[in-house]
């Protein structure tokens with residue numbers, strides 16, 4: 001049985017200015033930003049949860065809860081780098097949340113019921129510094145070089161994706177959007193990404209908040 005594609009989008013950003021152009025793009029597809037899952041959308045909730053537990057597993061648990069209730073997020077739009085504060089522990093590059101979502105998708109994709117899981121990521125950058133350092137915009141596979149785990153099985157899955165790029169491509173679509181652009185260009189970039197990642201799965205109608 002194919003997993004449904006949700007009519008909801010997860011947005012994680014500390015850039016309130018871009019919410020409006022994002023919503024304009026989403027409206028073209030009848031999509032809405034979810035507001036029911038603060039552990040997936042609020043950086044302060046994420047930071048507090050990590051500081052308390054020392055781990056990010058609760059984010060993966062919340063993502064699974066979201067998927068079971070709504071279907072797979074149509075997209076995850078997030079700041080490319082998120083400052084969680086010192087309380088959340090070391091976070092070189094401020095990439096912990098992005099890496100957490102990538103690993104969550106990799107783990108979930110190994111479940112039989114999630115065989116057609118798709119992670120569509122829009123990373124919100126500021127200028128071209130992020131791309132110059134990580135190269136993910138020109139080569140999304142480069143995201144795998146960021147990942148490692150204390151769990152040998154997860155590391156095996158990561159290495160598998162490095163060797164079999166077709167599996168990575170079936171699981172992930174990743175693009176960068178420069179928020180220094182005008183609002184119109186931001187809307188156009190997000191619209192274009194959503195058009196090219198439409199897929200053929202069943203779309204679940206947006207649930208009431």
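So that you can scan it fast, the table gives a plain yes or no per residue for (1) touching a helix residue (DSSP H, G or I) at 6+ places or on another chain (Cβ under 8 Å); (2) at positive phi; (3) surrounded by 12 or more Cβ atoms within 10 Å (Cβ to Cβ):
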site	(1), (2), (3)
110	yes, no, yes
131	no, no, yes
138	yes, no, no
142	yes, no, yes
156	no, no, no
159	no, no, yes
162	yes, no, yes
168	yes, no, yes
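Assess whether residue 67 counts as being assigned to a helix (DSSP H, G or I), farther than 23 Å from residue 146 by Cα and in contact with a helix residue (DSSP H, G or I) (Cβ under 6 Å, 6 or more places away or on another chain). So residue 67 fails the test. A count restricted to the range 8-49 and to residues that are in a helix (DSSP H, G or I), in contact (Cβ under 8 Å) with a residue 24 or more places away in the chain and closer than 21 Å to residue 91 by Cα stands at 6. Consider the range 72-98 and keep the residues that are without any contact (Cβ under 8 Å) to a residue 60 or more places away in the chain and in a helix (DSSP H, G or I). The one that is nearest to residue 189 (Cα to Cα) is 98.
Evaluation of residue 31 against the conditions (1) surrounded by fewer than 16 Cβ atoms within 10 Å (Cβ to Cβ); (2) over 14 Å from residue 122 (Cα atoms) shows that the sole unmet condition is (1).
Only helices (runs of 4 or more DSSP H) whose full extent lies in the range 99-209 are considered here, and the ones with at least 1 residues that are closer than 18 Å to residue 56 by Cβ are 152-163.
Since every read-out is calculated from the coordinates, none of them should be taken as a lab result. These figures come from a predicted structure and were not determined experimentally. As a convention, Cβ positions derive from the backbone with ideal geometry for all residues, glycine included, and neighbour counts pool all protein chains shown.
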